[in-house]
Amino acid sequence: MNTFRYGRDPLCLIAVGLYALNRWGLKPTFDVPFLHDHFNDLLLIPAALPLVLWLQRKLGWRLHDRSPDTKEIALHLVIWAQIAEVAGPHLFEHATADWRDLVAYGVGAIGAGLWWHFSANDVGLYARLDPQPMSFERLAPHYRWLERVTAGRVLQRARVTHLAALDGAENILLVGEGTGRFLAALRERRPNVPITVMDSSARMLAIAREVAPGPTTFEQVDLTLTALPSNGWDAVVSHCFLDCFTPGRLEHVIANLAQAATPRADWLITDFALPAAGWRRTRARLIHALMYRTFRLTTCLEAHRWTDPSPFLQAQGFQLSRRSPFNHGLIHADHWQRPIVTD
């Protein structure tokens with residue numbers, strides 16, 4: 001079990017940095033209610049608890065250096081909620097109680113608890129002398145609610161943005177489908193089209209299978225190891241999948257999927273991305289850092305950072321037809337096509 005690093009814990013450092021960025025950068029610049037009222041509340045437990053526990057350790061009130069457990073996090077969450085939301089309005093003239101603050105405290109505490117749990121148990125690829133393959137088995141039961149808490153509905157809106165591009169497809173391949181939210185939307189629109197769903201996680205496939213009536217085939221496949229048959233599908237969908245790989249693996253996976261697609265195939269991709277410049281790019285880099293570290297801890301994700309798949313797609317004959325940005329460019333929903341070649 002790893003030793004807790006208190007103020008040097010990566011989550012604490014990221015949370016403190018985000019707090020400072022919001023306090024002195026974003027709030028004075030943007031009139032966004034969430035930034036003014038709740039964003040810093042979300043960061044409270046990740047930023048403050050390690051420092052409080054460090055002080056308790058120095059005073060001899062804490063007798064170990066393990067990561068905070070559920071009881072420790074819950075106790076400090078309750079204490080802070082009582083101080084800020086119950087006592088605060090009576091002690092300070094401008095302080096007000098708001099139930100949404102409690103929700104923000106709680107979400108931050110849950111996220112921090114998951115981070116510290118997986119960090120303490122050393123399940124990340126970065127910490128292993130004997131690297132393990134990437135696997136979403138541990139995360140699968142929690143993936144749907146984690147997506148709703150962290151991204152709301154924006155990811156699903158992005159996934160279905162170019163759904164109409166598949167109206168003419170006769171055989172569709174979905175890879176890395178996750179919990180089946182896109183599959184359900186596709187099946188509602190195309191109830192009879194043959195669909196193949198591939199994922200390396202048996203648990204993810206089991207969850208997706210629950211929402212898929214119609215002619216749907218489920219296959220547990222690791223696309224980094226298994227070569228797909230040629231020219232099998234006239235549409236490929238890879239939402240929140242390609243951003244999991246290092247550049248070398250990404251090139252291989254795209255080539256594998258491309259040779260499995262027909263010469264006139266469509267390809268829908270929704271992934272996290274980096275805006276070109278400015279505060280949006282800085283914000284995205286911070287979110288990427290937190291996201292990739294979290295997934296490396298929980299899934300043995302091999303990638304350290306996002307790699308733009310565009311050059312590899314273009315090398316396989318695909319051209320970008322449409323791109324729809326979401327959340328200030330943090331997410332891209334793309335429709336790629338192999339152009340029709342005429343003599």
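Structure notes:
- Share antiparallel - DSSP beta bridges, the chain, percent rounded to 5: 45 percent
- Spacing of the two label points (7 Å from each Cα toward its C-beta) at Asp222 and His142, in nm: 2.3 nm
- Neighbour-count ranking [beta-carbon atoms within 10 angstrom, fewest first] of Ser238, Ser324: Ser324, Ser238
- Candidates Ala235, Ala277, Ala20: whichever shows maximal mean-square fluctuation once the chain is modelled as a Gaussian network with Cα springs under 10 Å: Ala277
- Ordered by the number of other Cβ atoms lying within 10 Å of each residue's own Cβ, fewest first, His38, His162 fall into the sequence His38, His162.
- Taking Lys and Arg as +1 and Asp and Glu as -1, the other residues whose beta-carbon sits under 14 Å from that of Thr196 total -2.
- Radius of gyration and Dmax over the Cα atoms of the chain, both given in Å: 22.4, 81
- Charging the Cβ of each Asp and Glu at -1 and of each Lys and Arg at +1, and nothing else, the dipole of the range 6-122 about its Cα centre rounds to 420 debye.
- Computed helical MRE - 222 nm, the chain, DSSP H runs ≥ 4 contributing -39500 (n - 2.57), nearest 500: -13000 deg cm²/dmol
- Selection among Asn327, Gly168, His142 by position relative to the dipole of the range 140-337 gives Asn327 as farthest towards the positive end (Cβ unit charges, Cα centre).
- About the centre of its Cα atoms, the range 188-343 shows a dipole size close to 640 debye [charges on the beta carbon of Lys, Arg (+1) and Asp, Glu (-1) only; nearest 20 debye].
- Ordering Val221, Val237 from the fewest to the most neighbouring beta carbons within 10 Å gives Val221, Val237.
- Modelled spin-label separation between Arg209 and Trp61, with each label point placed 7 Å from Cα along the Cα-to-Cβ direction: 5.1 nm.
- Approximate spin-label separation Asn192-Val103, in nm, with each point projected 7 Å along Cα-to-Cβ: 4.3 nm
- Within the listed set Glu177, Glu302, Glu210, the Gaussian network model of the chain (springs between alpha-carbon atoms below 10 Å) gives the highest mean-square fluctuation for Glu210.
- Of the trypsin sites (Lys or Arg not before Pro) in the range 248-343, the ones in a loop by DSSP (not H, G, I, E or B) with at most 15 other beta carbons within 10 Å are Arg305.
- Cα centre as origin, Lys/Arg/Asp/Glu Cβ charges: the chain dipole, Debye: 580 debye
Since every read-out is calculated from the coordinates, none of them should be taken as a lab result. What you are looking at is a predicted structure, and each value in this text was computed from that prediction instead of being measured. Neighbour counts run over all protein chains shown; Cβ positions are idealised from the backbone, glycine included.
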